[in-house]
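**Student:** A single structure is presented below for examination.
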Amino acid sequence: MRVRSLNLLQATTRFSQLRPRSTVYQSAKCASRWSSTSTSTSPSTERQWSTPLAKTLAEAITTTGPISVAAYMRQCLTHPEGGYYTRQTSSGQDQFGTKGDFVTSPEISQVFGELVGIWLYAEWLAQGRKEKVQIIEVGPGRGTLIDDVLRTISSFKAFANSIEAIYLIEASPYLQKQQAKVLSGTEVLKKSDIGFSGSCKYIPGCKIEWCEDIRLVPKEDTSTPFILAHEFFDALPIHVFQNIAQSSIPASSTIITPTGPIKPKHGVTTPKNTWHELVVSPTSPYSDPKTRTSSTSSIEEKLDFELTVSKTPTPHSLYLPKMSDRYKKLENTPDAIIEISPESLSYVSDFAVRIGGSNVVRSKTPASSASANNTTSQQDRFSKSQPSGAALILDYGPLDTIPANTLRGIRSHTTVSPFASPGLVDLSADVDFLALADSALNASPGVEVHGPVEQSFFLSTMGIKERADGLLKGAKDEETRRRLETGWKRLVDRGPNGMGKTYKAMTIVPFNEKGPLRRPIGFGGELVG
Ligand code: SAH
């Protein structure tokens, strides 16, 4: 069956133009306007691919069969040679900012990172001024957020002195270097056991370690990890499933695995509605270019890949849609689409275990056991005598619904097809905050989750207006004043596609077994400690 790819591809949000740190209007990732870039192929005997990565992917698919959206996203974003984040960009130019593809909150206003730094300090105070603090950021991009955070923290001496080490989890060697330039003042890093290390210019004697995976960061009973994830989860791969009524799958079918098709011993049961995985395969070289209409023009483009519905079960379609009651509730909704990111669930479980330990296993309902077992079994059993630390997740996605049709490509501040120019286009999908919360709670009995709340609520209750007013008083010229003013207002804009509404904040903090519920500041709580 052909995909409802048009539906998937066209589900994009509109954006209102807003002012970032620089003077040129740039779009945030989550709220861009559909447009398209031409990737047309010229008719010739040998098929022309839009990028070398497209050719590599197409060849692999010819051997193994169609791949999941997750596998496609992973290759497009972090393939060692042609991945969007991992490829070498031309000197002085990266994915972010005016000349890049999108702009993020820390790039829009320094106030954002400053408030995140103050939030960490407030949480450190509330938890009784712990020693042996680890600051961990996943996906630091240019390093702008952590730079503003560390600069802010350095003025709270006792907190700064409690920091043992800073860990930056970054898949891109080029972005690692860029972060090092910003934070250590040099691109030259020492090789370390887990990756590379350098020093922190804001906190004398404090080391910064770069590595590619959070599992490489040491876990210690007495450590207090403060973890930041800003626009990280939207970049992690998703699997997409569609609930198709009157399945045409024969009773005994084959399952497509990475090593080839296998026949299940006892056949596959086929209920009326079945979750089918949407998979990626090359478009036919003979098909007509698809005509898409943007708000301004009608453009003909030929894409390298397209989505199709897998006729046979895939390893992921057999268990992922069964792991939560939230998906089960949609089993009777024909054509419902759900997006699931197992890698995100694994990451957030790791956060929870670091904060709360995994020493006591929660009793699990059958519905949640697949996710819980899947994620906790990947964690080392890690005992923590006293839960401590926090994770702050800032990203875009719905408050409580399951994302559907949210995969998009972003290039030069416009939304494009996720199948255009693989490796040259950023790919992202909405974050399922409730799934992250469930996964954290299942992974550790020692944590609780607050939020998600809208970014406007988080930043306003953290005092964004007051902080911006303070900076405005010291602004040297009209241009700086205007930039500050438009920047902070953009971050809390609650218009239909404003960043204040689309972006959410969620936190994982230690579960307070004995005392009353303590809401962290920014999530309805007061400053304490
Ligand atoms: N937090 C930054 C950048 C967001 S873009 C900001 O808000 O400005 C996503 C970041 O995550 C990039 O730095 C990218 O290289 C990194 N990234 C993407 N996938 C990753 C993965 N699987 N592992 C580690 N880092 C990853």
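**Student:** P(r) of the range 406-468 in 5 Å steps, Cα pairs, percent per bin?
**Tutor:** Result, from short to long distances: 4, 14, 14, 10, 12, 17, 17, 10, 3 percent.
**Student:** Just name one of Gly498, Leu434, Gly463: the one whose Cα is farthest towards the positive end of the charge dipole of the range 411-528 (beta-carbon charges, Lys/Arg +1, Asp/Glu -1).
**Tutor:** Toward the positive end, the furthest listed residue is Gly463.
**Student:** Can you run phi through the Karplus equation (6.51, -1.76, 1.60; θ = phi - 60°) for the range 349-357 and list ³J(HN,Hα) in whole Hz, with x for Gly and Pro?
**Tutor:** Coupling constants for the range 349-357: 5, 4, 4, 4, 5, 4, 7, x, x Hz.
**Student:** Taking θ = phi - 60°, what integer Hz values does the Karplus form 6.51 cos²θ - 1.76 cosθ + 1.60 yield along the range 461-471, in sequence order, with x for Gly and Pro?
**Tutor:** Computed from phi, the couplings for the range 461-471 are 6, 7, x, 4, 5, 4, 5, 5, 4, x, 5 Hz.
**Student:** With N denoting the number of residues in the range 453-529, provide Rg(C-alpha) divided by 2.2 N^0.38 Å, to two decimal places.
**Tutor:** Numbers: Rg = 15.6 Å, N = 77, 2.2 N^0.38 = 11.5 Å.
Normalised Rg, Cα atoms only: 1.36.
**Student:** So, one more: When all protein chains stay in place, what accessible area (Å², nearest 10, 1.4 Å probe) is found for Thr259?
**Tutor:** Near enough 140 Å² of accessible area.
**Student:** Whenever you get a sec, compute what percent of the accessible area on the range 162-214 sits on carbon and sulfur atoms (1.4 Å probe). Present the calculation step by step, with values, prior to reporting the outcome.
**Tutor:** On the way: 1250 of 2440 Å².
That share works out to 51 percent.
**Student:** In addition: Once amide H atoms are built 1.01 Å from N in the peptide plane, which residues 5 or more positions from Ile67, or in another chain, come under 5 Å H to H?
**Tutor:** Placed amide hydrogens put Val280 under 5 Å from Ile67.
**Student:** Kindly rank 508-519, 316-327, 66-77 from highest to lowest mean number of other beta carbons found within 10 Å of each residue. Kindly include the intermediate steps, with their values, before the conclusion.
**Tutor:** Details: 508-519: 14.2, 316-327: 19.5, 66-77: 22.8.
Ranking the peptides 508-519, 316-327, 66-77 by packing returns 66-77, 316-327, 508-519.
**Student:** Starting at the first residue of the range 388-405, write each ³J(HN,Hα) from the Karplus equation 6.51 cos²θ - 1.76 cosθ + 1.60 with θ = phi - 60°, in whole Hz, x for Gly and Pro.
**Tutor:** Result, ordered by residue: 7, x, 6, 10, 10, 10, 10, 6, 10, x, x, 5, 9, 9, 7, x, 9, 6 Hz.
**Student:** Take the solvent-accessible surface of the protein heavy atoms, probe 1.4 Å, and return the percent of it on the range 395-529 that carbon and sulfur atoms account for.
**Tutor:** Details: 2820 of 5210 Å².
The computed percentage sits at 54.
**Student:** Hey, another quick one. Keeping all protein chains in the complex and leaving out DNA, RNA and ligands, what accessible area do you get for Leu441 with a 1.4 Å probe, in Å² to the nearest 10?
**Tutor:** Approximately 60 Å² for this residue.
**Student:** Another one. Which peptide among 127-133, 166-172 comes first, and what is the full order, when sorted by highest mean count of other Cβ atoms within 10 Å?
**Tutor:** The peptides rank, most packed first, as 166-172, 127-133.
**Student:** Among 445-454, 458-467, how do they line up by average Cβ neighbours within 10 Å per residue, starting with the highest?
**Tutor:** Values: 445-454: 21.8, 458-467: 19.3.
Ranking the peptides 445-454, 458-467 by packing returns 445-454, 458-467.
**Student:** If you stretched the chain out fully between Arg519 and Gln386, how much longer would it get, using 0.36 nm times the residue separation minus the C-alpha to C-alpha distance? Numbers along the way, then the final one.
**Tutor:** Working: separation 133, 0.36 × 133 = 47.88 nm, distance 1.85 nm.
Length gained between Arg519 and Gln386: 46.0 nm.
**Student:** Heads up, I need the accessible area for Thr502: 1.4 angstrom probe, whole protein in place, Å², nearest 10.
**Tutor:** 30 Å²
The values are calculated or read from the model by the stated rules, or taken from the named source; none is laboratory data. Being a predicted model, the structure only gives us computed values, none of them experimental. Neighbour counts are summed over all protein chains in view; Cβ atoms, including those assigned to glycine, are modelled from backbone coordinates with ideal geometry. Just so you know, the surface numbers come from the protein's heavy atoms only, side chains and all, with ligands and any DNA or RNA stripped out. Shrake-Rupley method; radii C 1.70, N 1.55, O 1.52, S 1.80 Å.
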